[in-house]
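Taken together, the values in this text are just the output of simple stated rules run on the coordinates, not laboratory data. Owing to the predicted nature of the structure, the values given are computational and were not obtained by experimental measurement. Every residue, glycine as well, gets a Cβ built from its backbone with ideal geometry; the counts of neighbours run over all protein chains shown.
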Amino acid sequence: MSEGVMQADQPPVIEAAPAGDLFAKFDGLIAMREGLLKAGQEDPFSLVMEQVLSPTRAICNGRETILLGTYNYMGMTFDPDVIAAGKQALADFGTGTTGSRVLNGTYQGHRECEDALREFYGMDHAMVFSTGYQANLGIISTIAGKGDYIILDIDSHASIWDGCALGNAEVVPFRHNDIDAMEKRLKRIPEGAGKLVILEGVYSMLGDIAPLKEMVAVAKKHGAMVLVDEAHSMGFIGENGRGVAEDAGVMDDVDFIIGTFSKSVGTVGGFCVSNHPKFEIMRLVCRPYVFTASLPPSVVATASASIRKLMAGAEKRAHLWKNSRRLHGGLKALGFELGTGEAQSAIVAVIMPDLEKGAAMWQALLHEGLYVNLARPPATPANMTLLRCSLCAEHSDEEVETILGMFERAGKTVGII
Amino acid sequence: MDRAETDRRIREQLEPFNKKGIAVADDTSFARDLEFDSLTVMDFVAAIEDEFDIIISMNQQAEIETYGQLVDAVHAMRKDDA
């Protein structure tokens with residue numbers, strides 16, 4: 001570490017960290033980012049939306065831009081009924097609760113929001129957290145304790161991994177969507193130990209779904225409880241939009257469903273629904289639920305209004321699927337390499353040859369007037385660089401064609417197709 | 001099974017993952033010397049788990065940095081079984 005200080009008179013590529021600087025560990029990442037920006041690249045991780053015109057349009061860096069990377073699947077963010085519910089709650093209940101759910105932070109609106117969730121999922125219990133991240137963090141770390149085993153997919157979301165890290169259970173990952181690998185691990189768990197299998201309905205990086213019918217059956221055969229994160233499926237997968245577990249016909253065998261308000265519901269917040277008879281005790285023992293302020297009244301009011309509208313969203317759902325299939329088919333026909341063979345969700349992941357090309361393609365699309373997510377290692381499976389597109393039910397047929405034209409021009413400019 | 005036998009069987013499993021053909025001793029580090037990334041670790045651990053019909057949880061993996069520590073850990077788990 002002191003080496004950097006002694007060489008201070010040499011021209012360093014990045015400022016050498018002084019001895020004892022805890023930020024020294026980030027030097028590699030800082031150098032990578034500076035390298036990208038020096039090459040004339042717009043910073044993919046500092047985009048500002050100056051104005052938001054609709055669920056599918058915004059002014060980004062001064063340009064009118066089609067949004068294709070928001071997870072705003074059902075386009076509820078500007079729904080007039082939802083906005084009206086939020087305004088009313090803001091006027092009636094104020095800007096915030098200033099308190100924990102278990103103290104002064106449970107308002108009528110929080111109860112109504114949990115009622116809406118119970119109805120939406122047809123489950124006995126619902127618990128609303130301040131974010132989806134906290135829902136995973138709280139439920140996982142609380143229910144799987146010392147001596148218990150968590151068996152989870154290696155491509156699980158960061159909030160699931162952090163939930164494992166916060167708790168004291170033994171953590172055993174298996175290869176992505178590999179039913180045999182999962183079963184082998186379940187078989188080897190010591191007799192009598194508690195078992196929690198954690199799966200996701202849709203994996204957000206590649207937009208692929210889990211074979212829940214088979215996996216949930218295997219988990220149950222080995223006496224495990226099952227938690228499924230349905231963040232990326234709520235509102236449009238399954239007959240009632242309850243997610244991949246509903247579509248696979250295994251709702252009754254799933255012990256806990258985790259979800260979020262920040263995708264299809266169109267606001268922020270997280271939740272867990274369950275039929276476990278003792279579920280309500282979670283409210284007293286789950287630290288990420290207890291030791292934080294509850295959601296503002298306007299947020300839970302917009303969430304309730306949105307969830308109730310999603311129950312009757314069959315037409316929007318059908319249009320979202322049409323959009324996803326058209327984009328997937330169109331990009332494939334243009335010669336792009338995609339994360340899945342067919343459209344399995346509302347996420348279409350375009351695989352880039354490397355980070356440089358991916359960043360260049362991201363910028364070329366932005367100049368065309370299209371925003372997608374750039375996903376890079378280490379957040380991605382197999383260290384891939386991905387351009388992640390997530391469709392919205394409010395994208396028109398014409399917009400999807402416009403998007404395909406943008407991809408074609410940008411892809412040719414960058415030399416990917 | 002003695003430690004030498006455990007060592008032999010782990011060495012056999014390690015071979016396809018040792019891409020650069022590094023000479024492996026007890027103090028060889030998986031991260032530093034063999035340059036294992038997280039995906040390689042998962043595949044290698046799965047191979048060892050299958051070979052010995054054991055579980056090496058991530059909590060246990062966190063304590064294992066070198067080849068020798070792995071052989072010791074697996075050997076201990078096998079002894080528990082026997």
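Per-residue mean of foreign Cβ neighbours for B:38-47 is 3 (Cβ atoms of other chains, 10 Å radius). If both residues of a DSSP beta bridge must be in region A:77-310, then about 45% of such bridges are antiparallel. The rule of thumb for compact globular proteins, 2.2 N^0.38 Å, goes into the C-alpha radius of gyration of chain A 1.04 times.
Estimated from helices alone, the mean residue ellipticity of chain B at 222 nm is -17000 deg cm²/dmol (sum of -39500 (n - 2.57) over DSSP H runs with n ≥ 4, per residue). Descending by average beta-carbon neighbour count within 10 Å, the peptides A:323-335, A:185-197, A:130-142 line up as A:130-142, A:323-335, A:185-197, the highest first. Helix B:3-14 axis versus longest C-alpha principal axis of chain B: approximately 40°, rounded to the nearest ten.
As a proxy for reagent exposure, A:F279, A:F261 were ordered by neighbouring Cβ count within 10 angstrom, fewest first; the result is A:F279, A:F261.
Restricting attention to chain A, close to 60% of DSSP beta bridges with both partner residues there are antiparallel. The mean number of partner chain beta-carbon atoms within 10 angstrom of a residue's beta-carbon across peptide B:54-66 is 4. Summary of the geometry: region A:205-251 and region A:328-371, compared by the centres of their Cα atoms, lie 26 Å apart.
For chain A, adding -39500 (n - 2.57) for each run of n ≥ 4 DSSP H residues and dividing by the number of residues yields -12000 deg cm²/dmol at 222 nm. Largest GNM mean-square fluctuation across A:V273, A:V52, A:V228, computed for chain A with C-alpha springs under 10 Å, falls on A:V52. For region A:256-263, putting each phi into the Karplus relation 6.51 cos²θ - 1.76 cosθ + 1.60 with θ = phi - 60° gives couplings of 9, 10, 9, x, 9, 8, 8, 10 Hz, in residue order, rounded to whole numbers and with x for Gly and Pro. Once the Cα atoms are used to define both axes, helix B:38-52 deviates from the longest principal axis of chain B by about 30 degrees. With only Cα atoms counted, region A:77-310 has Rg and Dmax values of 17.4, 57 Å.
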